[in-house]
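Engineer: First the structure, which I've put down as structure tokens, then a few questions once you've had a look.
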């Protein structure tokens, strides 16, 4: 009986992994340092050794249905990581094959983190039973995973769903790490909120406890704390952020008409401060035929578990 | 053997229909007036009578695989037309059921015209063999049909793919028939091109043969004629239109990463005048990972046949 999957989330600093059952319980987990391996081969060796006790725990590889991997720039179709700027390995890395070979032939599927989050949410979280939804991750950047008819949208090349890089301010938009200007994530990621705070403090005369902080290290958490303490300027920053998100969501709805948009990531901790302006702007801007139809949901996966759970969910469909 | 389908395209003025074989040949066709029937019931009677000779031509209803219908606001899931402003019938009309009953039980599927065009293009046209593409129709409005993994995207409610109503100018955008401002179709439909011409003539000092025309009746065809005669202002209008389309397409690519965007409709007759600026703006604005990957294709369906062919293609999958 193949009642278990392994989920692996590869970040630039750490790789976390876990053994997961069909109900989404993490039975065992662990982590290794991604950053310490400049070469892929010793990294894979260390990863395989670290996975071994988890596999032994359920008997043998025969009990594992598959391994799902979430990693930056990971391509579902090719099984490769392709030119990931935040990982130590250069060029194209045949990740799925390397992990499969190193674990005695367990089927492996890879995709990027936001897609993994969408599959995790569909398998174990808020999107259980939903056939059409969009996952939006609001972290350092803005990621997305689009589900249509119960299937994740990979596009013809495996890279679909880059909604953090939809242009929301066409002229004089903020410069983005992607080399362009005005991308959604320059405004609505945690980093984007901090940028907004710096802009507001520079351009507006309003008093704010945020003025006591070093503008260069101000974080979205600082803005949240100030807003919760009643600072009108900090609230205005969340209103601005939520409005841009809601406007963008209204356009996303015109695309795939999802039943829900599921939000995940640090910024969602701001709760109503960010959710209410998103909802308002979304409903104010959406085409009439879609009005009131798309729910805004928060992820139900614990943040510490979500990366592993999301990746592991992909393991159920690995071939 | 069910080797034939019927395609019906319902417009506000005319309903056109045809008998189509598996290679996309229209073996017989005809039309009736939509606008003369304020009530749906006599309309269905006349339509059924008009279809009868086409059915007889291939023997009986047993030879017909299905009927596909393209109509404004037609919902694939419910089989109904819902509150279509341009049709004479009010409220919700159970179109699929009515046509099925009136034709002795032939399975009927309905969808909107742009979705029908996408299915037509995939079945008989430029998109044959493509699994991931976006159909964009540039007519009086801008319509779209999105195909992901070989399946048309209907969304959870049947109304997905309203890309003509994505907002491309958020502040001070042109008013749209949908009640909002700045929709893609207010700039890039045939009507949008005429609006641009009126704006340019009003706000710019440049001489142009277009100044000899009544601004209220100026059409995209007039702009095309002037551009072909070498008028720089008219060329500028196409450059403006194509640029907005290309910018929007770059965002669409970030959504579903299609292999191609297929263009259909009157405006595509402008050829390189409109295609070149679209390509330029699309490649200049697209996220790097997608650069050079998405083809821009023109519909291969004859404009006079396309509506019937598109609708008929849906007939093959009617249940």
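Engineer: Name the pairs whose Cβ atoms lie under 7 Å apart, with the first residue in region B:285-300 and closer than 17 Å to residue A:182 by Cα, the second in a helix (DSSP H, G or I), and 6 or more positions between them or separate chains?
Structural biologist: Close Cβ pairs (under 7 Å, with a partner that is in a helix (DSSP H, G or I)) amount to B:285/B:246; B:285/B:247; B:285/B:250; B:286/B:250; B:286/B:253; B:287/A:165; B:287/B:254.
Engineer: Return a yes/no flag: does region B:242-249 have any residue that is more than 10 Å from chain A (Cβ to nearest Cβ) and more than 22 Å from residue B:147 (Cα to Cα).
Structural biologist: Among the residues of region B:242-249, at least one is more than 10 Å from chain A (Cβ to nearest Cβ) and more than 22 Å from residue B:147 (Cα to Cα), which makes the answer yes.
Engineer: Which of the following residues is assigned to a loop (DSSP other than H, G, I, E, B), out of contact with any strand residue (DSSP E or B) (no Cβ under 6 Å at 6 or more places or on another chain) and on the phi > 0 side of the Ramachandran plot: B:12, B:24?
Structural biologist: Of B:12, B:24, the one residue that is assigned to a loop (DSSP other than H, G, I, E, B), out of contact with any strand residue (DSSP E or B) (no Cβ under 6 Å at 6 or more places or on another chain) and on the phi > 0 side of the Ramachandran plot is B:24.
Engineer: When residues of region A:59-75 are filtered for being assigned to a helix (DSSP H, G or I) and touching a strand residue (DSSP E or B) at 6+ places or on another chain (Cβ under 9 Å), how many remain?
Structural biologist: Initial filter on region A:59-75 (assigned to a helix (DSSP H, G or I)): A:61-63.
Those left that are additionally touching a strand residue (DSSP E or B) at 6+ places or on another chain (Cβ under 9 Å): A:63.
Qualifying residue count, region A:59-75: 1.
Engineer: Among the residues of region B:197-205, is any surrounded by 19 or more Cβ atoms within 10 Å (Cβ to Cβ) and free of Cβ contacts under 8 Å to residues at least 60 places away in the same chain?
Structural biologist: yes
Engineer: Select from region B:76-99 the residues that are crowded, with 19+ Cβ neighbours inside 10 Å and not in a loop (DSSP other than H, G, I, E, B) and list them in ascending order.
Structural biologist: B:81, B:93, B:95, B:96, B:98, B:99
Engineer: Same structure again: List the strands (runs of 3 or more DSSP E) that sit entirely inside region B:104-191 and contain at least 3 residues that are under 24 Å from residue A:286 (Cα atoms) and within 10 Å of chain A (Cβ to nearest Cβ).
Structural biologist: Of the strands (runs of 3 or more DSSP E) lying wholly inside region B:104-191, those with at least 3 residues that are under 24 Å from residue A:286 (Cα atoms) and within 10 Å of chain A (Cβ to nearest Cβ) span B:142-148.
Engineer: Still on this structure, I have one more. Which of the residues belonging to region A:144-185 are in contact with a strand residue (DSSP E or B) (Cβ under 7 Å, 6 or more places away or on another chain), on the phi > 0 side of the Ramachandran plot and surrounded by fewer than 24 Cβ atoms within 10 Å (Cβ to Cβ)?
Structural biologist: Hits for region A:144-185 are A:149, A:182.
Engineer: Can you tell me which of B:195, B:174, B:170 is farther than 14 Å from residue B:267 by Cβ and modelled with pLDDT of 95 or more?
Structural biologist: B:174
Engineer: Test of understanding: among B:279, B:288, B:272, which residue is assigned by TED's automatic domain parsing to the domain that holds residue B:144 and over 30 Å from residue A:146 (Cβ atoms)?
Structural biologist: Numbers: B:279 fails: over 30 Å from residue A:146 (Cβ atoms); B:288 fails: over 30 Å from residue A:146 (Cβ atoms).
Going through B:279, B:288, B:272 in turn, just one is assigned by TED's automatic domain parsing to the domain that holds residue B:144 and over 30 Å from residue A:146 (Cβ atoms): B:272.
Engineer: So if I check each of A:271, A:230, A:265, which one is out of contact with any helix residue (DSSP H, G or I) (no Cβ under 6 Å at 6 or more places or on another chain), surrounded by fewer than 24 Cβ atoms within 10 Å (Cβ to Cβ) and closer than 30 Å to residue B:257 by Cβ?
Structural biologist: Answer to the check: A:265.
Engineer: So, one more: Would you mind telling me which numbered condition in (1) out of contact with any strand residue (DSSP E or B) (no Cβ under 6 Å at 6 or more places or on another chain); (2) assigned by TED's automatic domain parsing to the domain that holds residue B:74 residue B:197 fails?
Structural biologist: Going through (1) out of contact with any strand residue (DSSP E or B) (no Cβ under 6 Å at 6 or more places or on another chain); (2) assigned by TED's automatic domain parsing to the domain that holds residue B:74 one by one, residue B:197 breaks only (2).
Engineer: Within the bounds of region B:39-57, is there any residue that is in a loop (DSSP other than H, G, I, E, B) and buried (at least 17 other Cβ atoms within 10 Å of the Cβ)?
Structural biologist: no
Engineer: Limited to region B:250-281, what total is found for residues that are in a helix (DSSP H, G or I), in contact (Cβ under 8 Å) with a residue 12 or more places away in the chain and within 12 Å of chain A (Cβ to nearest Cβ)?
Structural biologist: Within region B:250-281, residues that are in a helix (DSSP H, G or I), in contact (Cβ under 8 Å) with a residue 12 or more places away in the chain and within 12 Å of chain A (Cβ to nearest Cβ) number 7.
The values are calculated or read from the model by the stated rules, or taken from the named source; none is laboratory data. All of these numbers come straight from a predicted model, not from anything done at the bench. Note that we place each Cβ from the backbone using ideal geometry, even for glycine, and neighbour counts take in every protein chain shown.
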